[in-house]
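Below is one structure; the comments refer to it alone.
Just so you know, all these numbers are worked out from the coordinates, no wet-lab data involved. Fair warning: this is a prediction, and the values are worked out from it, not measured in the lab. Every residue, glycine as well, gets a Cβ built from its backbone with ideal geometry; the counts of neighbours run over all protein chains shown.
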4 protein chains.
Amino acid sequence: MPTKQIPVAVLGATGLVGQRLIAALDGHPWFELTEVAASERSAGKEYGQAAPWRLETPPPEGVAGLVVRGCDPDEVSAPLVFSALDATVAGDAELAFARAGRAVVSNARNHRMAEDVPLVVPEVNPEHLELVARQKTRHGGKGFIVTNPNCSTIGLTLVLAPLHRLAGLERVIVTTLQAASGAGYPGVPSLDLIDNVVPHIGGEVDKIESEPRKILAQLDGDTLREASFPVSAEVHRVPVRDGHLLSIALETRRSLDPEEALEALSSFRGEPQERALPTAPEQPILVTKDETRPQPRLDRMAGGGMSAVVGRMRRCPVLDLRFEALSHNTLRGAAGGTLLLGELLVARGLLP
Amino acid sequence: MPTKQIPVAVLGATGLVGQRLIAALDGHPWFELTEVAASERSAGKEYGQAAPWRLETPPPEGVAGLVVRGCDPDEVSAPLVFSALDATVAGDAELAFARAGRAVVSNARNHRMAEDVPLVVPEVNPEHLELVARQKTRHGGKGFIVTNPNCSTIGLTLVLAPLHRLAGLERVIVTTLQAASGAGYPGVPSLDLIDNVVPHIGGEVDKIESEPRKILAQLDGDTLREASFPVSAEVHRVPVRDGHLLSIALETRRSLDPEEALEALSSFRGEPQERALPTAPEQPILVTKDETRPQPRLDRMAGGGMSAVVGRMRRCPVLDLRFEALSHNTLRGAAGGTLLLGELLVARGLLP
Amino acid sequence: MPTKQIPVAVLGATGLVGQRLIAALDGHPWFELTEVAASERSAGKEYGQAAPWRLETPPPEGVAGLVVRGCDPDEVSAPLVFSALDATVAGDAELAFARAGRAVVSNARNHRMAEDVPLVVPEVNPEHLELVARQKTRHGGKGFIVTNPNCSTIGLTLVLAPLHRLAGLERVIVTTLQAASGAGYPGVPSLDLIDNVVPHIGGEVDKIESEPRKILAQLDGDTLREASFPVSAEVHRVPVRDGHLLSIALETRRSLDPEEALEALSSFRGEPQERALPTAPEQPILVTKDETRPQPRLDRMAGGGMSAVVGRMRRCPVLDLRFEALSHNTLRGAAGGTLLLGELLVARGLLP
Amino acid sequence: MPTKQIPVAVLGATGLVGQRLIAALDGHPWFELTEVAASERSAGKEYGQAAPWRLETPPPEGVAGLVVRGCDPDEVSAPLVFSALDATVAGDAELAFARAGRAVVSNARNHRMAEDVPLVVPEVNPEHLELVARQKTRHGGKGFIVTNPNCSTIGLTLVLAPLHRLAGLERVIVTTLQAASGAGYPGVPSLDLIDNVVPHIGGEVDKIESEPRKILAQLDGDTLREASFPVSAEVHRVPVRDGHLLSIALETRRSLDPEEALEALSSFRGEPQERALPTAPEQPILVTKDETRPQPRLDRMAGGGMSAVVGRMRRCPVLDLRFEALSHNTLRGAAGGTLLLGELLVARGLLP
């Protein structure tokens, strides 16, 4: 849609999500990766030397020769930056870019819950991007930050949204089985995941219990009114490379039967589909009738890693519905989601 | 307690649970393994030749030379038989033993839900063994069947019982992460569990949703009155060898706070502890304060594999309490549970 | 190259290699899959019902509706059949097809070592296909069988061939780390591969020690003269889904230095590359300088799963060279290798 | 044997090997753990607070309350110290203890190849401990360092020694499949070992190729004459928790047949067995006839984790013999080996 390629930068380019972003930007119809930035340790090196490439597909041509810049708006000129920075540094760095007039699409948690920062799943709450106007005032220019939710929250909210619209969520209980790549590299030691699962991921329960209520909030003027349904989350790290599996039980205001719910899920489409954004999957939510699925290895690449897959839908003996949902944590849940959000900014004409 | 060793037989001796039973009977103070029985395919062979031994510890001395018998009361003379038979053959075989006047302690699902068959977790509902009197009438002699619950149900019911007694369960939602050994050998293909989890185990959801209500039933004369709380279960097979992890959310009639719940769990004792049965763990439920536990590899051998370990107890934003429980599926959940039940029969003087 | 699509059938279509063949035939420029055949158990059913699809990519359109035929030339009309049959039935079935005038490209071991049956790695010994003329006489018609080597042998021979040509192999010691998919589905029980490796695969040592000498044989008129170098193999099953890793030590008549060997490997091309066969990778052997590779997960898809990847080349303190080679066992090692061999038959004008 | 308990300290007490040492010292008949020491980060804390305990068995009573000391002879008083220090700090720290008159039994690589430092597998070369006399002169007192070999070398040398004695080793080719615990904690990232193996372990090839020749060296006066046979090693990290598997091919001066070799291995005994040292296994090398073993999960605990298990012995088509050997890398290969070496020092009266 844009008349010429938009130059973009990736912050935190050496990490796992940064690499996924770089891979996803290769051959992108709208964006051209012109700069990569990372921590002091890597800055000044050629990208190919700064960190080993950890994906199955080889790095895009040309990237290896880019000189890694520092995560500072003075060293990076692109008007649009995708941030895969670690939370320990993302807060200040992203703020500096916003104040310097850049559009920041962030995958980090630091600014997600700020009042005037949109936390967006593009199919679910694109209208929250209107908060950007208010946020610009704060930064005193044209720059702003928009955020991509936690990798588990994205899959969860994507499948909750159609049911919430249809029948109003009353309460949600979710139990996750999360892939190792969610912790980045080096991440989880293999000694913790050989013949084992770990029922703990630092900070994850809080994110899953709070973020969906902001994403499903109603925009009232320039203020969000958070959704009121409580979410209960418990999380587990399992010996799987990619793909977060969620086991969900929920109650709705108006009781839904499983067929009605499946129909709402599989027919769900959003603005990315209407606008045919480059990274948007045709169908955000796929439904499987195979009672042994979704499975991470078989289903994580559905829709190019951008679709959630829902299965095992049935009446819950305790709440209303019980089902499983799977989504790819470093594609839909990180790099792909971030990229799709950048595309949405362009399509809505929000770039500085 | 018995004045001399009681001869016992193991039916289904070549399978994984059968092997665990044989290992557990080695050096048992009350029981002496005198006969092993298995399917036609193995009958007549020496046990050491009939099937490869799959445990880390070597087979007990003397067992390899036992001739495998058919699963028929005419071929087996022991008054007490432990059945690790597969459900496809357990139904008829166990009935035949009961009719032939033997006490059958079964690990198979076939007779679990029959009205006059006790389904027992020894710490939880030993009084249900009184049903045996009524059942003997049906079989027309001194023989009877008592059953050990499903491997997930046992851990679940063990940790539910103290809370039910204290405050009355209203509803329970459980999500399991189950070990591969639960499916026996060969069981789950490795292609299904490398870089993967499978959200399906045939028949398991039904067992977990129904069995706890029978185990926590009230005995009214010679009839059980099932507990009324609904259970919602979803199950997952994960790449772990032994140890089923349960993620539980529940509501009680009287709301409990986490500390009160933990106190009830860790102070819980039952008849096996009072009677100091040989296989009874000192403490049926251990509580961990480490927020990263229970983990299968670290905690499955607690109490010699006979204790459940509870952790991550907190208030649930949706129901009352949310926590994790782990128990060893082939020890407490199968071989050990079966053996403990046999010991309880002896201690209560119920052997034919 | 052929002027119109050649109808082909897949025998053993429901197994893992059969599924890989079907996936690889989708959109093939020369071949059109018109028939699928499998064991009695599946025959008569629709393919989509006969067996669950086990690949990450969905089954090609149209395949699900094909009626599965019996593995009998009377039920299958295609002139070219790809056999992914199990060795227990492949022997007779393939012979029947050859006698019925069909060209059989087989992945099974049964006929591999027969004197007049070519055992071919298309880049290595395409000239062995001339044996087909002699074999036709035996079958009394136009039909014949050509065979694809064992999945470990293929990768091994592919990397041995350039070194053999250059300097003459004197002796080879190989130690394998083989993926679970090599055993098909259900194959290896997960209990054998969780926290474990198994130093045994039935029949594999013999195949790896004998097949390379036939593949690297010299064709003398219509007779093969086997290569004389001995091969010593030891094999291990490891918890990896796809990709066989080979650790190789070898001695050559003329001593090679590592750089010379790497140059010979990376510059190696064969008839499939010269003829630009559809399934041929551009470069049959890729060389990596990363001392931590080849690794199954990162390198198995090199060249679309059709290239071997060689790394860690160095002087061996005992023999001459020591290095690692990886190839995809169900693509290059089975379905892809079989397909490439079929293409070679067409290009050489050998179809009936 | 000693008339009273000898006070000992563990340096590097918080790591995986340190924890194994502490566990192994619990209830030791000769040694009493009186001090634990670790890096600056931990020093001053209570041991129970300094690092999470990572073993399946709980920490020995009393240890949690010990205050962690710095790795400095001024802070540690025990005359005998077991060092599980990381190689980055072990060099200087161990030297300081030796100079301060202490006996150091080290598991680190730093001093292993020094001319006057014994590198000992207690069953294989106890006589090398005589080098201690010469070393004391260097340190100017009663202190000295003795070293435990690399975790792969120990298993390898243990099984090579009887064959070397019997027939003289000419050359050895070994390919390893090594467990994750060999890298300590956190060690290998799970992303590297899910659906993968890694053919690289830093420095390991050199250690395996050089250490066996020192261990099998002849002591000539106070000088070692290294064995002359070359060793070729290639190494792999596999998704196994504990237990290094070695695939070995070798040639001997006098050709051995497999039965003769197995007899030499299973009848092998050394000084630890003659002296009945507390940690010595009855039989240092066990032989299995099961063609699917040794397997890490099933065999690593043989002899309490102190015996190597050998299987799959056969004639090698290239060298003389081909077989598999397994030993526990953190027991025999680290903590247990170190402890056994300490016991040997006591038994030989070498303590300061």
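State the antiparallel share, in %, of DSSP beta bridges confined to chain B, rounding to the nearest 5. Please report the intermediate quantities before stating the final value.
Working: 25 of 54 bridges.
Antiparallel bridges make up about 45 percent of those DSSP assigns within chain B.
Applying the Kirkwood pairwise sum to the alpha-carbon positions of the protein assembly as shown produces a hydrodynamic radius of 34.2 angstrom. Of all lysines in the structure, the ones whose alpha carbon falls short of 27 Å from that of B:K214, not counting any fewer than 8 places away in one chain, are B:K136, B:K142. With the helix formula -39500 (n - 2.57) applied to DSSP H stretches of n ≥ 4, chain C reaches a computed 222 nm mean residue ellipticity of -8000 deg cm²/dmol. In order along region C:131-138, the Karplus-derived 3J(HN,Hα) couplings, from 6.51 cos²θ - 1.76 cosθ + 1.60 at θ = phi - 60°, round to 4, 4, 4, 5, 5, 4, 4, 4 Hz, and Gly and Pro are given as x.
Plainly put, the tip 7 Å out from Cα toward Cβ on D:D257 is 4.5, 7.8, 7.9 nm from that tip on each other copy, the closest given first.
So what's the convex hull volume per residue for the Cα atoms of region B:29-165, in Å³? Show your work: numbers first, answer last.
Values: hull volume 19.1 nm³, N = 137.
Per-residue hull volume (Cα only) is 139 Å³.
Across identical copies of the chain, C:E226 has label-point separations of 4.0, 6.8, 7.6 nm, listed in ascending order, with the point defined 7 angstrom from Cα along Cα→Cβ. Projecting the Cα atoms of B:L193, B:A233, B:I215 onto the charge dipole of region B:187-234 (Cβ charges, centred on the Cα centre) puts B:I215 farthest toward the positive pole. Placing a label point 7 Å from Cα along the Cα-to-Cβ direction at A:D26 gives distances to the equivalent points in the other copies of 2.2, 5.1, 5.5 nm, listed shortest first. Averaged over the residues of B:201-209, the number of partner chain Cβ atoms lying within 10 Å of the residue Cβ comes to 1. Backbone geometry of region D:169-185 corresponds, through the Karplus equation with coefficients 6.51, -1.76 and 1.60 at θ = phi - 60°, to 3J(HN,Hα) couplings of 6, 9, 6, 9, 10, 10, 10, 9, 10, 10, 6, 5, 5, x, 8, x, 10 Hz, x marking Gly and Pro.
Per-residue packing, averaged as other Cβ atoms within 10 Å, sorts the ranges A:196-202, A:78-84 into the order A:78-84, A:196-202, beginning with the highest.
Just tell me how shielded A:177-184 is by partners: mean number of partner chain Cβ atoms within 10 Å of each residue's Cβ, no decimals.
Numbers: counts 7, 0, 5, 7, 3, 0, 3, 2.
If you average over the peptide's residues, the count of other-chain Cβ atoms is 3.
Across the residues of C:291-303, average count of Cβ atoms on other protein chains within 10 Å?
Values: counts 3, 8, 4, 3, 10, 5, 12, 10, 2, 3, 2, 2, 0.
Going residue by residue through C:291-303 and averaging, the value is 5.
Take the alpha-carbon centre of region C:267-343, take the same for region C:176-229, and report the distance between them in whole Å. Result: 16 Å between the Cα centres.
Quick check for me: using +1 on Lys/Arg Cβ and -1 on Asp/Glu Cβ, what's the dipole size of the protein assembly as shown about its Cα centre, in debye to the nearest 20? Write out the running numbers ahead of the final one.
Numbers: 144 positive and 176 negative charges, 0 e Å.
With only Lys, Arg, Asp and Glu charged at Cβ, the dipole is about 0 debye.
Charge dipole (Cα centre; +1 on Lys/Arg Cβ, -1 on Asp/Glu Cβ; no other charges) of chain C amounts to roughly 140 debye. Once backbone amide H atoms are built at 1.01 Å from N, A:S106 has A:S83, A:V146, A:T147, A:N148 as its partners under 5 Å, excluding neighbours fewer than 5 places away on the same chain. By the rule of a C-alpha distance below 20 Å, with chain neighbours fewer than 8 residues away ignored, the aspartates and glutamates paired with D:K4 are D:D26, D:E32, D:E35, D:E343. Of all aspartates and glutamates in the structure, those lying under 14 Å Cα to Cα from D:K207, and not within fewer than 8 positions of it along the same chain, are D:E234. Closest approach of a chain B beta carbon to the axis mapping chain B onto chain C (residue, whole Å): B:S190, 2.
Measuring nothing but how far apart in sequence close Cα pairs (under 8 Å, 6+ apart) lie, relative to its length, chain C scores a relative contact order of 17 percent.
Provide the net charge surrounding A:R134, with neighbours chosen by a C-beta distance below 14 Å and charges set as Lys +1, Arg +1, Asp -1, Glu -1. Result for the local shell: -3. Basic side chains Lys and Arg get +1 at the Cβ, acidic Asp and Glu get -1 at the Cβ, and with that the dipole of region D:192-315 about its Cα centre reaches some 180 debye.
Normalised by the number of residues in region C:103-243, the average gap of Cα pairs under 8 Å and 6 or more apart makes the relative contact order 29 percent. Listed from fewest to most Cβ neighbours within 10 Å, the set A:I6, A:I248 follows the order A:I6, A:I248.
Ordering of B:88-96, A:25-33, C:148-156, C:230-238 by packing is C:148-156, C:230-238, B:88-96, A:25-33, highest average first (other Cβ atoms within 10 Å, averaged per residue).
Among beta bridges identified by DSSP and lying wholly in the protein assembly as shown, the antiparallel ones come to about 45 percent. Taking the DSSP beta bridges with both ends in region A:1-152, the antiparallel portion is around 5 percent.
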